[in-house]
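The values are calculated or read from the model by the stated rules, or taken from the named source; none is laboratory data. Keep in mind the model is a prediction, meaning the values are calculated, not measured. Neighbour counts run over all protein chains shown; Cβ positions are idealised from the backbone, glycine included.
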């Protein structure tokens, strides 16, 4: 049973998220909420996205971290527009934080906005920020038991990116177990096996994004 204060927080967040979504829709802007645990490879994934598509798409990033601007600086170096949110201890981004950050972006000049959430497999899944899709990234270095331990993240996501597959020969991780467990939680989940180091699967992931942008 949820206590009243948690319900009130989520209700208030949902109201602002709806306002964000209306703004995104009015600008025909595809918005992705990218979530993972720390170190799964979100920022590297976005660097590769910039390298591959910055001449074809106008891409902006809202970068969420508890402290520091290190990741935002990497995003800018990759040729993408970035806005930094420092949460000062908060374990996730919420709709109000995103709404405030939008003042520093010209949404009409973007095709894609990626919200790189704070590294956490729990809280970010609960907070809608107005995105079109939640995308979860899971590194094979984290093991194959995470769908059972953090089911909400898998349930709420449209896409699962299984990252760092180039490391599989050195790990005791069964990627088929990850996929089987994830699909048992969310049968509609689209899964890509990727490596930002070797490039495996990145073209398919980029094609998925471009298809959604065209439809938006």
Quick count over region 155-185, residues being surrounded by fewer than 19 Cβ atoms within 10 Å (Cβ to Cβ) and outside any helix (DSSP H, G or I), is 4
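Let's see how each residue does on (1) more than 25 Å from residue 56 (Cβ to Cβ); (2) over 17 Å from the mean Cα position of the chain (by Cα):
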position: 89; (1), (2): yes, yes
position: 114; (1), (2): no, no
position: 125; (1), (2): yes, no
position: 166; (1), (2): yes, yes
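Per-residue answers, yes or no, for (1) exposed (fewer than 15 other Cβ atoms within 10 Å of the Cβ); (2) at pLDDT 95 or above; (3) closer than 28 Å to residue 146 by Cα:
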{"residue": "2", "(1), (2), (3)": "yes, no, yes"}
{"residue": "12", "(1), (2), (3)": "yes, no, no"}
{"residue": "20", "(1), (2), (3)": "no, yes, no"}
{"residue": "32", "(1), (2), (3)": "no, yes, yes"}
{"residue": "43", "(1), (2), (3)": "no, yes, yes"}
{"residue": "49", "(1), (2), (3)": "no, yes, yes"}
{"residue": "55", "(1), (2), (3)": "yes, no, no"}
{"residue": "60", "(1), (2), (3)": "no, yes, no"}
{"residue": "67", "(1), (2), (3)": "yes, no, yes"}
Which one of these does residue 52 not meet: (1) closer than 19 Å to residue 159 by Cβ; (2) assigned to a loop (DSSP other than H, G, I, E, B); (3) more than 14 Å from the chain's Cα centre (by Cα)?
-> (2)
Regarding residue 25, is this residue loosely packed, with under 15 Cβ neighbours inside 10 Å, over 16 Å from the mean Cα position of the chain (by Cα), farther than 30 Å from residue 200 by Cα and at pLDDT 95 or above?
-> yes
For residue 152, indicate whether it is under 26 Å from residue 123 (Cβ atoms), touching a helix residue (DSSP H, G or I) at 6+ places or on another chain (Cβ under 7 Å) and surrounded by fewer than 16 Cβ atoms within 10 Å (Cβ to Cβ).
-> yes
Scan region 58-72 residue by residue and report those that are part of a loop (DSSP other than H, G, I, E, B) and out of contact with any helix residue (DSSP H, G or I) (no Cβ under 7 Å at 6 or more places or on another chain).
-> 66, 67, 68, 69
Flag for residue 134 being at pLDDT 95 or above, within 30 Å of residue 14 (Cβ to Cβ), part of a strand (DSSP E or B) and touching a helix residue (DSSP H, G or I) at 6+ places or on another chain (Cβ under 6 Å) | yes
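Going by the conditions given, is residue 152 part of a helix (DSSP H, G or I) and out of contact with any strand residue (DSSP E or B) (no Cβ under 9 Å at 6 or more places or on another chain)?
For residue 152, the condition - part of a helix (DSSP H, G or I) and out of contact with any strand residue (DSSP E or B) (no Cβ under 9 Å at 6 or more places or on another chain) - is met.
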Search result, residues across region 78-93 that are free of Cβ contacts under 8 Å to residues at least 24 places away in the same chain and either in a strand (DSSP E or B) or in contact with a strand residue (DSSP E or B) (Cβ under 8 Å, 6 or more places away or on another chain) (or both) = 82, 83, 84, 85, 86
Restricted to region 94-110 and to residues being under 16 Å from the mean Cα position of the chain (by Cα) and closer than 23 Å to residue 212 by Cα, the residue surrounded by the most Cβ atoms within 10 Å (Cβ to Cβ) is 98
